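Q: Pasting a structure below so you can have a look.
The values are calculated or read from the model by the stated rules, or taken from the named source; none is laboratory data. As the structure is a prediction and not an experimental result, all values here were calculated from the model. Please note: Cβ atoms are built from the backbone with ideal geometry, for glycine as well, and neighbour counts cover all protein chains shown. Only protein heavy atoms, including side chains, enter the accessible area calculation; ligands, DNA and RNA are left aside. Shrake-Rupley method; radii C 1.70, N 1.55, O 1.52, S 1.80 Å.
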Amino acid sequence: MAKKTIVDFLVELDSNSKLMDAYKKDPVGTAEKYGLSGEDLQLIKDQDWNEVAKRFDDTSKATRVISY
């Protein structure tokens with residue numbers, strides 16, 4: 001099973017209303033239950049949105065396309 005990343009978590013938040021509701025009540029607890037690594041959890045605890053943005057901007061990875 002592939003490791004869940006903060007990028008996976010945030011993409012899922014965008015499409016899963018139950019997960020978003022839980023995140024709004026307890027961001028760190030919800031991210032921990034999702035299975036994020038300690039490093040990714042720390043980004044949420046610290047609210048280090050600049051580092052999170054860098055992870056989305058990683059051009060070495062395939063572009064994600066989300067359609068509704």
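Q: Please list, ordered by first then second residue, the pairs with beta carbon atoms under 8 Å, 6 or more apart or interchain, first in the stretch 34-57 and touching a residue at least 60 places away in the same chain (Cβ under 8 Å) and farther than 11 Å from Thr5 by Cα, second open to solvent by less than 60 Å² (accessible area, probe 1.4 Å) and part of a loop (DSSP other than H, G, I, E, B).
A: Qualifying pairs under 8 Å: none.
Q: Take the residues in the stretch 17-30 that are in a helix (DSSP H, G or I) and either out of contact with any helix residue (DSSP H, G or I) (no Cβ under 6 Å at 6 or more places or on another chain) or touching a residue at least 24 places away in the same chain (Cβ under 8 Å) (or both), then tell me which one is surrounded by the fewest Cβ atoms within 10 Å (Cβ to Cβ).
A: Kept after step one, since they are in a helix (DSSP H, G or I), are these residues of the stretch 17-30: 17-25, 27-30.
Still in the list and also either out of contact with any helix residue (DSSP H, G or I) (no Cβ under 6 Å at 6 or more places or on another chain) or touching a residue at least 24 places away in the same chain (Cβ under 8 Å) (or both): 17-18, 21, 24-25, 29.
On the way: Ser17: 9, Lys18: 7, Asp21: 10, Lys24: 10, Lys25: 9, Gly29: 13.
Across the stretch 17-30, the extreme among qualifying residues is Lys18.
Q: Read through the list (1) surrounded by 14 or more Cβ atoms within 10 Å (Cβ to Cβ); (2) out of contact with any Pro (no Cβ under 8 Å at 6 or more places or on another chain); (3) modelled with pLDDT of 90 or more, then give the number of the only condition that Ile44 fails.
A: For Ile44, the failing item is (2).
Q: How many residues, within the stretch 1-16, are more than 14 Å from Phe56 (Cα to Cα) and without any contact (Cβ under 8 Å) to a residue 24 or more places away in the chain?
A: The qualifying residues number 4.
Q: Count, please, the residues in the stretch 1-13 that happen to be modelled with pLDDT under 90 and acidic (Asp, Glu).
A: Summing the residues that are modelled with pLDDT under 90 and acidic (Asp, Glu) in the stretch 1-13 gives 0.
Q: Quick check on this structure: which one of Lys33, Lys25 is charged (D, E, K, R), at pLDDT 90 or above and over 14 Å from the mean Cα position of the chain (by Cα)? Spell out the reasoning first.
A: Values: Lys33 fails: over 14 Å from the mean Cα position of the chain (by Cα).
From the options Lys33, Lys25, the qualifying one is Lys25.
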